[in-house]
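The values are calculated or read from the model by the stated rules, or taken from the named source; none is laboratory data. In this text, all values refer to a predicted model and were calculated from it rather than measured experimentally. In this analysis, Cβ positions are derived from the backbone assuming ideal geometry, glycine residues included, and neighbour counts consider all displayed protein chains.
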Amino acid sequence: MDEEYQLHPPSYERTVRLFSRVRKVLGINIKLHGDPALLAQGEIFLFNHFARIETFLPHYLIYQETGAFCRCIATKTIFKGNEAFRKYLGRVGVIPNDHEELLPTLVAEIIRGRKVIIYPEGGMIKNRRVLNDKGKLSIYSRKTNAYRKHHAGAAVLANAVDSFKLAVRMAEKSGDWERIDSWVDMLGLKNRERLLFSAKRTTRIIPGNITFYPLNSGDNFLHKGAGLLKSELSQKAKEELIIETNLLLKNTDMDMRLGKPICLSACRPWWERKIMKYLARHLNTVEDFFTLKGLEKPWLEKIIRMYIRYSSEKVRDRYMEGIYKEATVNLSHLTSTILLNLLKKNINEIVAKKFYLLVYLSVKNIQQHPDVNLHRSLRNPQVYADLAIGNKKALKQLLDVACQKGLIKFHQGHLLLLDHLKETFEIDTIRIENTIQVYANEMAPVSGAVDAVNQAIKQYETITDIELAHYRYDDELRRYDWDHHYFNKSRFDNINKHETATESGRPVLDVPIDHRHNIGVVLVHGFLASPAEMKPLSDKLVAEGYPIYDVQLPGHGTSPVDLSERCWEDWLRALRRGYEILSAHVEKICLVGFSTGGALSLIFASEHPPKLAGAVIINPPVKFKNKSMIFVPLLHGISRLARWAPAFGGVMRYRVNNPEHARVNYRHIPVRALYELVRMNYVLMHQLKSIHCPCLLMQSTADPVVTADSSSILLDKLINTNVTYIEVESNRHGILYENIGNTHKRIIDYIKQLSSGIAKPVSQTNYKMEDQKWAS
């Protein structure tokens, strides 16, 4: 190849270092999915093309992971104009698509051990439409103003590489060292061993996909700056300046996913292998594999060209399907597809909350498709779960932009799909004016995702409360698994390695098939514990036929580091979700809360949730025996300061704990979490007068954690309900877990009273002291 396009390693490495700095400064979020080993094993990498930054991402990641240099094909137009830029492109491995020795050069580079990156769409597909009206892969060509098949050049290249490797192996087998040495000289390799090593590598095409989320079409300072300078930019240039800059500046996830390798030699039928061997015997130079110079008969050349075309198109179809299958589907994909599907069904108006439910059901459906690659927005319930209860926060960015662009409108609780959404947009405006269409087009080739949306449209009008509750319970399990996975990474080992808790911290929903009671029980564990703390009681309740839900308070059962990032309102929200889930299965609910779980239960009871029959509160943490609790707000403030002020670096964010139940409780207490207890108790004291449901209070006489008068303080403030108070003679705090004083039976007996209606709410002070103390 001519000197102009010789790859220059120092220039390549400098570019990688520069991008690393830019990535760090801008916080560019690039995530590689798939087997990283494919970066080393693959030789030809294929990607979709939506934005110009994609032309560098694969080079960057491949070099970072393997140290290999990459060659890339680019449109000839970018080589025109600035001479310095043209030379720079050549030095970092870019070759124009009209170079007369393009494919032979790439074959030679692959044999030398370099990678080749190709974008078989042949240009940026800004609208992401890759299916024609018949659902077949096809893309729009500006040049012909028509839809066409994708380019097969990558397949032709792969076939040539495979043929050349076969020729080398056959020459080695026959001892034709003269032929092998001629190739070594032609390719500029150091020795035969290098050539033979390359020839024995499997020729692998790696289809990949780069997905950007979210797409931000709002203005930015670069575009505004161009306007201030009175730069006359074309519509195309303006659009690209906005979109490309936003991808870098506006917190965009860039998911690069590697698909299943296509190994040519493993998928050839016998007759193709015969032709390959014939080519390998008769062709001598890399160029010969494209010109077919050296074949004996013209008619044979014609047949072989037909074979190459047939084989290449077959491989092309495989890798294009592989590219689009690897799209990382996100929440905006689903939402946009739903909107356009509603339009197709002539549904121009829908109740907004029903629409959010429809999106939610699509998420739950797509989670059942293991072949679909899901973005974090579809795997983390923290993002999408509230759609089930009519909260649109997860969709705010997409829907707000759609409203601004005149595509949709909200009116009196309804979502209106406007005529503008049906219009056809120009290629150079659609990414700004109608991202809904872009998202929907991008998801269209992912059949599992399309099926999930279609299924949701069929079910959203008829879904039952119980079905929805099961979906929401699945989300609670996913929340826990997500947090547990994240906070058990090696970077948290300095805290986690000292932890002794081994019991599962997952929430539990258990509805006996033949449950014979009209009341269910929501159980809420204590501080530093997990649902395992309530399991001895919940097992007995289920055995008695009571449906139960054992709440997992966020930050518990995962890692103390997780707990250090939570507020008490997070705990209350988890209780509320658990209550709503169980409500679908029963007519009444009793809350059973231990310690902190008891305080949360009382706060929740003050909201008067539907179906609440009563509450059981055990050892509520109103006053603590540890007098240092009064300094917790100060410690918390200093701890926060220590995060950024070196002078306070010695302040500990955790306090060591010696738990009664080491298999259930944390050994480290985050100072932040203690502060949340103080905040929670402040709210509790102000809410007690609003509680109207019957309550059972149980208190250890010599509790080592909370003072014996904690329940007495509650009794004085629970002025509007019927309270039963029981003292349990014990010097233990965890009387519920250990069933000290037969607490389990006493609680179950009380729940039976609630179920039968014996214990009722009242509107005046009315509590009674049980005359029997349950000894430990």
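Just wondering, is there one or more residues in region 516-533 that are more than 24 Å from the chain's Cα centre (by Cα) and at positive phi?
There is at least one residue in region 516-533 that is more than 24 Å from the chain's Cα centre (by Cα) and at positive phi.
Checking the condition crowded, with 22+ Cβ neighbours inside 10 Å and either acidic (D, E) or farther than 28 Å from R379 by Cα (or both), which residue from E349, E326 passes?
E326 is the lone residue from the list that is crowded, with 22+ Cβ neighbours inside 10 Å and either acidic (D, E) or farther than 28 Å from R379 by Cα (or both).
Please return the ranges of helices (runs of 4 or more DSSP H) entirely within region 428-503 where 1 or more residues are within 26 Å of I389 (Cα to Cα) and within 20 Å of the chain's Cα centre (by Cα).
In region 428-503, 435-443, 447-459, 465-486 are the helices (runs of 4 or more DSSP H) which contain 1 or more residues that are within 26 Å of I389 (Cα to Cα) and within 20 Å of the chain's Cα centre (by Cα).
Quick check on region 184-193: of everything there that is without any contact (Cβ under 8 Å) to a residue 40 or more places away in the chain and assigned to a helix (DSSP H, G or I), which residue is nearest to the chain's Cα centre (by Cα)?
E193
For region 229-269, how many residues meet the condition of being assigned to a helix (DSSP H, G or I) and closer than 30 Å to D35 by Cβ?
So the answer is 7.
How many residues are buried (at least 16 other Cβ atoms within 10 Å of the Cβ) and not in a strand (DSSP E or B) if we restrict to region 58-74?
8
Search region 477-496 for residues that are surrounded by 11 or more Cβ atoms within 10 Å (Cβ to Cβ) and pair each with any residue that is modelled with pLDDT under 95 when their beta-carbon atoms are under 6 Å apart and the residues are at least 6 apart or on different chains.
Partner pairs satisfying both residue conditions: I495/H668.
Of the conditions (1) crowded, with 20+ Cβ neighbours inside 10 Å; (2) over 24 Å from L215 (Cβ atoms), Q455 fails just one. Which one is it?
Every condition holds for Q455 apart from (1).
Run down E272, E287 and say which single residue is touching a residue at least 40 places away in the same chain (Cβ under 8 Å) and surrounded by fewer than 19 Cβ atoms within 10 Å (Cβ to Cβ).
E287
Regarding region 303-311, can at least one residue be identified that is in the same structural domain as I44 (by TED's automatic domain parsing), among the hydrophobic types (A, V, I, L, M, F, W, C), closer than 19 Å to P120 by Cα and touching a residue at least 60 places away in the same chain (Cβ under 8 Å)?
Within region 303-311, one or more residues are in the same structural domain as I44 (by TED's automatic domain parsing), among the hydrophobic types (A, V, I, L, M, F, W, C), closer than 19 Å to P120 by Cα and touching a residue at least 60 places away in the same chain (Cβ under 8 Å).
Name the one entry in I111, I118 that is under 33 Å from the mean Cα position of the chain (by Cα), hydrophobic (A, V, I, L, M, F, W, C) and at pLDDT 90 or above.
Exactly one residue qualifies, and that residue is I118.
Quick one: in region 252-276, which of the residues that are farther than 20 Å from Y119 by Cβ and at pLDDT 90 or above is nearest to the chain's Cα centre (by Cα)?
D253
So, in region 28-57, how many residues would count as being closer than 15 Å to V94 by Cα, more than 21 Å from the chain's Cα centre (by Cα) and not in a strand (DSSP E or B)?
4
When you go through A51, A37 one by one, which is the residue that is out of contact with any Ser or Thr (no Cβ under 9 Å at 6 or more places or on another chain) and surrounded by fewer than 15 Cβ atoms within 10 Å (Cβ to Cβ)?
A37
Name the one entry in T75, T105 that is among the hydroxyl-bearing types (S, T, Y) and free of Cβ contacts under 8 Å to residues at least 60 places away in the same chain.
T75
Return the residues of region 664-701 that are without any contact (Cβ under 8 Å) to a residue 24 or more places away in the chain and aromatic (F, W, Y); say none if nothing qualifies.
Within region 664-701, Y682 is the sole residue that qualifies.
Quickly run through region 139-182 and pick out the residues that are in a loop (DSSP other than H, G, I, E, B) and crowded, with 18+ Cβ neighbours inside 10 Å.
Listed by number, the residues that qualify are H150, H151, A152.
Just checking: which of the helices (runs of 4 or more DSSP H) contained wholly in region 644-759 hold 2 or more residues that are surrounded by fewer than 18 Cβ atoms within 10 Å (Cβ to Cβ) and either modelled with pLDDT of 95 or more or not assigned by TED's automatic domain parsing to the domain that holds F594 (or both)?
Per the criteria, 671-687, 743-756.
Anything in region 9-37 that is under 16 Å from G67 (Cβ atoms) and in contact with a Phe, Trp or Tyr (Cβ under 9 Å, 6 or more places away or on another chain)? List them, or say none.
Of everything in region 9-37, those that are under 16 Å from G67 (Cβ atoms) and in contact with a Phe, Trp or Tyr (Cβ under 9 Å, 6 or more places away or on another chain) turn out to be P9, S11, Y12, E13, T15, V16, F19, S20.
Taking region 419-431, which residues are over 18 Å from Y140 (Cβ atoms) and in contact (Cβ under 8 Å) with a residue 60 or more places away in the chain?
L421, K422
Let's see how each residue does on (1) free of Cβ contacts under 8 Å to residues at least 12 places away in the same chain; (2) surrounded by fewer than 17 Cβ atoms within 10 Å (Cβ to Cβ); (3) closer than 19 Å to K325 by Cβ; (4) not assigned by TED's automatic domain parsing to the domain that holds V94:
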residue: R23; (1), (2), (3), (4): yes, yes, no, no
residue: L32; (1), (2), (3), (4): no, no, yes, no
residue: E43; (1), (2), (3), (4): no, no, no, no
residue: F47; (1), (2), (3), (4): no, no, yes, no
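Suppose we filter region 290-303 for residues that are buried (at least 16 other Cβ atoms within 10 Å of the Cβ) and either at positive phi or modelled with pLDDT of 85 or more (or both); how many remain?
Counting residues in region 290-303 that are buried (at least 16 other Cβ atoms within 10 Å of the Cβ) and either at positive phi or modelled with pLDDT of 85 or more (or both) gives 2.
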